[in-house]
Amino acid sequence: MQYHFLSHPLNIADPGFPGEPTLRIEKSTRIADGDAYNSSILHLFNHFGTHYDAPAHFNPNGPTISELPIERFIYEHPLLIDLPKGEASLIEPADLVPYMARAAKADCLILRTGLEAVRKRDPQTYAARGCAFSINAAQYLLDHAPHLKAVGFDFISLASPSHPDHGVKAHQILLGMYSKHYICIIEDMALAHIDAYRLQRVIAMPLRVQGVDSAQVSILAEVGEPTGERS
């Protein structure tokens, strides 16, 4: 087996959702300054970088990040699909239909749109003109993928400034505001380096802060050795 991160390391230069805080690092102690050890104070917005939206993010009755059961973060049947999308595009049910036979059996659906390349090339465009889920796509996924614990993707948020009429409602739908079922959301993932055919298991390791709706997450992918075959 091989192991890879599907999460970006946190970097103060990385883009955040427009208008929101990001990350600031404050020096606490430094060996170079005569202290015995190095330490820092992190001022971190909990929806910056690769992060995990728990239901409480948009659902006032939903569990917070520390209240989710551990099985919510372990995915034995992940599905990574390539779904090419451009800047300021919208994911609609028609984009998902061809994959739903497989997605219906998956416990984690990961969408690779290719927008990760924009993150590296033009971070501000990545933030301001990201892809987004339509309201109908969120409802379609909730209705047709009963085993999904989470959906993740390589754009900055389920919402986008380019489609403000969809962001809130799409989040509410997936996070269970209108039903007993909910699908958690993993935003701003690192996916360009992963072979979808070799992906076997995914584990999400969130920062578990009590009373907080969501948090940063490290995503570990377990992949098999190359076989030279495609199924």
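The values are calculated or read from the model by the stated rules, or taken from the named source; none is laboratory data. Because the structure is a prediction, the values reported are computed rather than measured. Cβ placement follows ideal geometry from the backbone for every residue including glycine, while neighbour counts extend to all protein chains displayed. Please note that ligands, DNA and RNA were not included when accessible areas were found on the heavy atoms of the full protein model with its side chains. Shrake-Rupley method; radii C 1.70, N 1.55, O 1.52, S 1.80 Å.
If you filter region 11-44 down to residues that are part of a loop (DSSP other than H, G, I, E, B) and open to solvent by 80 Å² or more (accessible area, probe 1.4 Å), you find that the one that is nearest to ALA192 (Cα to Cα) is ILE12. Against the criterion of being among the acidic types (Asp, Glu), in contact (Cβ under 8 Å) with a residue 24 or more places away in the chain, more than 30 Å from ILE12 (Cβ to Cβ) and touching an Asp or Glu at 6+ places or on another chain (Cβ under 8 Å), ASP107 qualifies.
Of the listed requirements (1) within 18 Å of the chain's Cα centre (by Cα); (2) farther than 14 Å from GLY152 by Cα; (3) not hydrophobic (A, V, I, L, M, F, W, C), ARG30 misses just one: (1). Within region 130-141, residues that are of a type in the set (Val, Ile, Thr) sit with their Cβ atoms under 9 Å from residues that are surrounded by fewer than 24 Cβ atoms within 10 Å (Cβ to Cβ) and at pLDDT 95 or above, at 6+ positions apart or across chains, in these pairs: ILE135/ASP165; ILE135/HIS166; ILE135/LYS169.
Any chance region 71-92 includes a residue that's part of a helix (DSSP H, G or I) and of a type in the set (A, V, I, L, M)? For region 71-92, residues part of a helix (DSSP H, G or I) and of a type in the set (A, V, I, L, M): absent.
Taking the conditions exactly as written (basic (Lys, Arg), touching a residue at least 60 places away in the same chain (Cβ under 8 Å) and crowded, with 17+ Cβ neighbours inside 10 Å), does ARG72 satisfy them or not?
Details: basic (Lys, Arg): yes; touching a residue at least 60 places away in the same chain (Cβ under 8 Å): yes; crowded, with 17+ Cβ neighbours inside 10 Å: yes.
It is true that ARG72 is basic (Lys, Arg), touching a residue at least 60 places away in the same chain (Cβ under 8 Å) and crowded, with 17+ Cβ neighbours inside 10 Å.
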